[in-house]
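The values are calculated or read from the model by the stated rules, or taken from the named source; none is laboratory data. None of the values given here were measured: they were computed from a predicted structure. All Cβ positions, even for glycine, are placed from backbone atoms using ideal geometry, and neighbour counts span all protein chains on display. Heads up: the accessible areas ignore ligands, DNA and RNA and are worked out on the full protein's heavy atoms, side chains in. Shrake-Rupley method; radii C 1.70, N 1.55, O 1.52, S 1.80 Å.
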Amino acid sequence: MKPLNGQVLIQEFEAWSPKSYAVEGDRNGLMIGTLNKPICKVMVALDVLEEVIDEAINEKVDLIVAHHPLLFRPLKKIDTDTPHGRIVEKAIKHDITIYAAHTNLDVAPGGVNDRMAEALGLKNIDVLAPTQSVDLIKLAVFVPESHEEDIRRALGEAGAGNIGDYSHCSYSSKGIGRFLPGDSTNPHIGERGKLEEVKEVKIETILPVTMKKRVLNAIIKAHPYEEPAYDIYPLDNTGNVLGLGRIGVLEKEISLEVFAEHVKQVFSVKGARVVGDLQTPIKKVAVLGGDGNKYINHAVFKGADVIVTGDVYYHVAHDAMMAGLSVVDPGHNVEKIMKESVKHFFENVIHEKKASTEVIASKIHTDPFQFV
């Protein structure tokens, strides 16, 4: 087995969490180094601090995939006597590439906010603050009957055929395919220079346009023909609504005090700031990783009893109180939950491609706050 090229890894990652999902003005993508190299080891991190770079050096890491951008504000100079300068210096000296997926990973289905909502045990999860919808396309692929199930399986595993909570959706119709292999062909069925007729199946499915390249690659890999035949149609169907934060309901109603303790346990924090009467009943919960100050009104509008988010300002807390919305603020660092989910994503990619690349999650604690 060989290690995967960095460009291949990130292409797969961006099929899940495209940079186009990020909010306007956000910093994401390549921060330092090159992706055009073999990647023997990937490390997933929340933040890129000097301690994290030292960890990467010790672990012989080739690529760091972080949630928080290293270069959120452009550097006017690289002074290697400063922590930021030393991070850049060490990364370049040790050929460590740094890539960041910030609000695009917050927005992505299965990303930061979905993981936080699932960890809290929320049901009927929906987007809290919509930012965009993804256009849908219809794909029709023609395949000999002998490989129908192979193609259907490849489509589903690549992410095609998702409609609501249903996956692997498709429709099939049978017919006759005809083709004349040319002199330079190596046909799976038939002979060069002879018109061939084959019993084929037309498989139709639906997918987000952002997944087109990934799904077509899956078809080409699984299809027996040298030149698979397929059609793509634009659709007017409403695409998947994407956005920041999530909102859902608990299995059963509990008090704000009990819920706050639940948040502490789920996210492994020693304390949380709480706004509201501790005896307030909590059922409908909004959650938004990171700084949620701008999204208090979204939680109110959606009828949430409480919002779980970080970095809440003093006056924003007053606004929430006056609107009847409780707040549990366990801090910004709870987004560390993304490390295991992104690690799992890369492990699946590496397994599918039968590569030798290794993935680890950073063990460095990067929360600057502590309770005394």
Restricting attention to region 90-127, and to residues there that are over 17 Å from the mean Cα position of the chain (by Cα) and within 28 Å of Val266 (Cβ to Cβ), which single residue is surrounded by the most Cβ atoms within 10 Å (Cβ to Cβ)?
-> Leu122
If you go through Val241, Val249, the only one that is β-branched (Val, Ile, Thr) and buried (at least 17 other Cβ atoms within 10 Å of the Cβ) is Val249
Report yes if some residue within region 72-89 is out of contact with any Phe, Trp or Tyr (no Cβ under 7 Å at 6 or more places or on another chain), crowded, with 16+ Cβ neighbours inside 10 Å, among the acidic types (Asp, Glu) and more than 22 Å from Gly6 (Cα to Cα); otherwise report no.
-> no
Go through (1) under 17 Å from Ala15 (Cβ atoms); (2) in a strand (DSSP E or B); (3) open to solvent by 50 Å² or more (accessible area, probe 1.4 Å) and name the single condition Leu207 misses.
-> (3)
Could you check how many residues of region 233-288 are assigned to a loop (DSSP other than H, G, I, E, B) and free of Cβ contacts under 8 Å to residues at least 60 places away in the same chain?
-> 8
Assuming Tyr230 fulfils every condition listed in (1) free of Cβ contacts under 8 Å to residues at least 40 places away in the same chain; (2) within 23 Å of Gln11 (Cα to Cα); (3) among the aromatic types (Phe, Trp, Tyr) apart from one, which condition is it?
-> (1)
Does any residue in region 178-195 that is at positive phi and free of Cβ contacts under 8 Å to residues at least 24 places away in the same chain come within less than 7 Å, Cβ to Cβ, of a residue that is of a type in the set (D, E, K, R) and outside any loop (DSSP other than H, G, I, E, B) six or more places away or on a different chain, and which pairs are these?
-> Gly190/Glu196
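Per-residue answers, yes or no, for (1) under 15 Å from the mean Cα position of the chain (by Cα); (2) open to solvent by 20 Å² or more (accessible area, probe 1.4 Å); (3) modelled with pLDDT of 95 or more:
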residue	(1), (2), (3)
Pro130	no, yes, yes
Asp135	no, yes, no
Phe142	no, yes, yes
Gly159	yes, no, no
Lys174	no, yes, yes
